[in-house]
1. Name the residue, out of 307, 287, that is over 16 Å from the mean Cα position of the chain (by Cα) and either surrounded by 24 or more Cβ atoms within 10 Å (Cβ to Cβ) or more than 16 Å from residue 240 (Cα to Cα) (or both).
2. If you go through the range 23-31 one residue at a time, do you hit one that is in contact with a strand residue (DSSP E or B) (Cβ under 9 Å, 6 or more places away or on another chain), without any contact (Cβ under 8 Å) to a residue 24 or more places away in the chain and outside the structural domain of residue 172 (by TED's automatic domain parsing)?
3. Picking from 214, 237, which residue would you name as being surrounded by fewer than 20 Cβ atoms within 10 Å (Cβ to Cβ), in contact (Cβ under 8 Å) with a residue 24 or more places away in the chain and in contact with a helix residue (DSSP H, G or I) (Cβ under 6 Å, 6 or more places away or on another chain)?
4. When the range 105-123 is examined, which residues are found to be surrounded by fewer than 21 Cβ atoms within 10 Å (Cβ to Cβ), closer than 19 Å to residue 237 by Cα and modelled with pLDDT of 75 or more?
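The values are calculated or read from the model by the stated rules, or taken from the named source; none is laboratory data. All figures in this text were calculated on a predicted structure; none of them were measured in a lab. Using ideal geometry, Cβ is built from the backbone for each residue, glycine included, and neighbour counts are taken over all protein chains shown.
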């Protein structure tokens, strides 16, 4: 196995040293450069052609966003953003520009914190080793977005949905979901619930991003959410969500993870409970992501008579999750993201 060549870009000497030290301790990783700003990072990227770049977004001379735009246009390369917890909006902007994933940067260097980031970086390195060559990210033109202000957006329906759409995603999911939600309108007779693998405190900002770019009412589920047509919900990071039928109505209930939840939020758990309550009126959607979360849940949806739509290898950043469902023979249909979105809209309106 040839070494994975990594470029570290960060204007903080502490962060450059910490990240480079952590990565260099991983088997088969070689640090090929350290950059103090975006211009130096770009020069080193073109010179060294690294397999992976870890990127700080706030740097002098050229910030991380400009770096990403140029790099992805000229030399698409896997980029992991190293961000502070307070820069959530910046993280999602970077993901939409082509960054593959993100980790939260060390703040004080405590042993527990360093162990956490070491584990996360190790997982990201393993993921990058499995990537096919990257394509330049699909850009969404401003005309593709449904521009609806909060004043113009109709009040959500109080009626029960005809369909429940449950969506699972991991790495590569945020930009894919942005492109999908940009085409959704508030008059859809369905409820959507998204389980995106993401750390705590980032899912609320992500839900707000999805709310702004489309026509649907989107919010993070805080404790429970009443299921009504024309609404979409994002499962909170660090917890799982189950669909439940209660005397007061149908709800999406936030619950702590169980030992069976290998990933959190658990796509399997969301899919399985949705199938138990909605049966053949469930549409499960499996988007890009590492691993196999969603495969067991997809089996429950198919057993209940529901449909399972999977993103194809053609558009998925990581085909692990949808590929697992396809290999298990559980996919009702497989489409690239744009066609999958149009098909989903049609199914929701039937």
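1. 307
2. Looking through the range 23-31, at least one residue is in contact with a strand residue (DSSP E or B) (Cβ under 9 Å, 6 or more places away or on another chain), without any contact (Cβ under 8 Å) to a residue 24 or more places away in the chain and outside the structural domain of residue 172 (by TED's automatic domain parsing).
3. Step by step, each of 214, 237 is checked, and only 237 is surrounded by fewer than 20 Cβ atoms within 10 Å (Cβ to Cβ), in contact (Cβ under 8 Å) with a residue 24 or more places away in the chain and in contact with a helix residue (DSSP H, G or I) (Cβ under 6 Å, 6 or more places away or on another chain).
4. If the condition is that a residue be surrounded by fewer than 21 Cβ atoms within 10 Å (Cβ to Cβ), closer than 19 Å to residue 237 by Cα and modelled with pLDDT of 75 or more, then 116, 117, 119, 120, 123 are the ones that fit.
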